[in-house]
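Coordinate-derived values only; no laboratory data. None of the values given here were measured: they were computed from a predicted structure. With ideal geometry, Cβ positions are generated from the backbone for all residues, glycine too; neighbour counts draw on all protein chains shown.
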Amino acid sequence: MTDIELLDNIKIVYKKIADSTKRSERAPEEVKLIAVTKNVETDVIKKAVETGLREFGENRVQEAQKKVTSDELQVTSGRLLWHLIGHLQKNKAKIAVQLFDLIHSVDSSELAEVINKQAEKMHKIQRILVQVKLSDEESKHGVTEDNLFDLFGKLDSMRNLKTDGLMTMPPYFDDPERSRQYFTRLRELKDRLESSGYKLPELSMGMSNDFEVAINEGATMIRVGTAIFGERLIR
Ligand SMILES: *Cc1c(COP(=O)(O)O)cnc(C)c1O
């Protein structure tokens with residue numbers, strides 16, 4: 001991919017964010033673009049940084065570690081924010097707490113407990129989102145709706161975690177309208193939790209093919225890979 005193509009892709013994504021927020025009577029600033037850099041090399045990420053992008057999402061701790069700590073990606077204006085969007089294994093929680101500003105994939109009290117302990121040791125307040133599983137696909141991680149309130153109850157006592165919202169990943173559909181029901185459901189769950197007293201500003205939902213629908217349903221963070229960096233090898 002050429003630099004021009006990368007720049008064009010980013011412009012197109014921003015234009016779509018502008019258009020869909022407008023249609024939804026929302027402000028474009030309400031939606032944060034997280035550029036998903038799994039399988040993207042640091043030299044390409046650097047180019048994305050040069051266009052002004054500051055928030056990046058990775059789905060594997062090991063792969064992220066090389067990038068977050070690489071000299072090439074140290075910036076002088078502001079700083080990069082790194083999001084863990086993939087499943088986290090408990091034995092990688094320590095590195096995850098070192099590397100990531102926001103962990104989107106907390107889906108059990110056991111995992112939350114381990115992250116909380118590591119954060120405590122590092123004197124860090126770790127921001128997290130709770131990943132909710134709204135479809136019955138075997139391959140998807142996330143807490144089920146039935147266990148969601150119970151999980152939030154347990155998070156209450158974990159002092160080094162700050163729970164900022166919910167995340168979900170619907171099954172893949174060619175027609176993005178079919179994702180809508182999942183996004184609607186996640187927003188309803190957030191509303192229900194908020195009426196029980198939780199403060200949850202963030203809804204992380206929407207990827208390359210369906211982020212406009214997600215924005216329409218209230219997404220505050222969209223996770224976009226392919227639309228920015230092109231098709232990469234699927235692992
Ligand atoms: C890969 C990935 C994305 C980005 O997907 P694209 O379709 O490439 O935009 C978003 N969220 C998660 C959890 C991912 O693993």
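General remarks:
- Full-stretch length increase - R178, T2 - with 0.36 nm per residue and alpha-carbon distance subtracted: 60.1 nm
- The relative contact order of the chain, computed from alpha carbon pairs under 8 Å that lie at least 6 residues apart in sequence, is 21 percent.
- The calculated 222 nm mean residue ellipticity attributable to helices in the chain amounts to -12000 deg cm²/dmol, summing -39500 (n - 2.57) over DSSP H runs of n ≥ 4 and dividing by all residues.
- Available extension along the chain between Y198 and I12 is 63.4 nm, counting 0.36 nm per residue and deducting the alpha carbon span.
- Span from the the stretch 125-142 Cα centroid across to the the stretch 34-88 one, whole angstrom: 22
- Pairwise inverse Cα distances across the chain, averaged and inverted, put the Kirkwood hydrodynamic radius at 18.1 Å.
- Among I103, I125, I215: highest mean-square fluctuation, GNM of the chain, C-alpha pairs under 10 Å: I125
- Stretch gain in nm, segment T144-L80, where the contour uses 0.36 nm per residue and the Cα spacing is subtracted: 19.9 nm
- Remark: for residue pairs K46/K121; K38/K124; K38/K140; K66/K162, the C-alpha separation exceeds 20 Å in K46/K121; K38/K124; K66/K162.
- Long-range HN-HN contacts of G165 with modeled amide H, under 5 Å: V130, E202
- In terms of surrounding Cβ atoms within a 10 Å radius of their Cβ, K94, K11 rank from fewest to most as K11, K94.
- Considering only M122, M169, M207, the Gaussian network model of the chain with Cα springs below 10 Å gives its largest mean-square fluctuation to M122.
- Each of V13, V130, V40 was scored by other Cβ atoms within 10 Å of its Cβ. Arranged with the fewest first, they read V13, V40, V130.
- Taken along the Cα-to-beta-carbon direction at a fixed 7 Å, the label points for K121 and E63 span 2.6 nm.
- For the stretch 156-235 versus the stretch 1-25, the gap between their alpha-carbon centres in whole angstrom: 19
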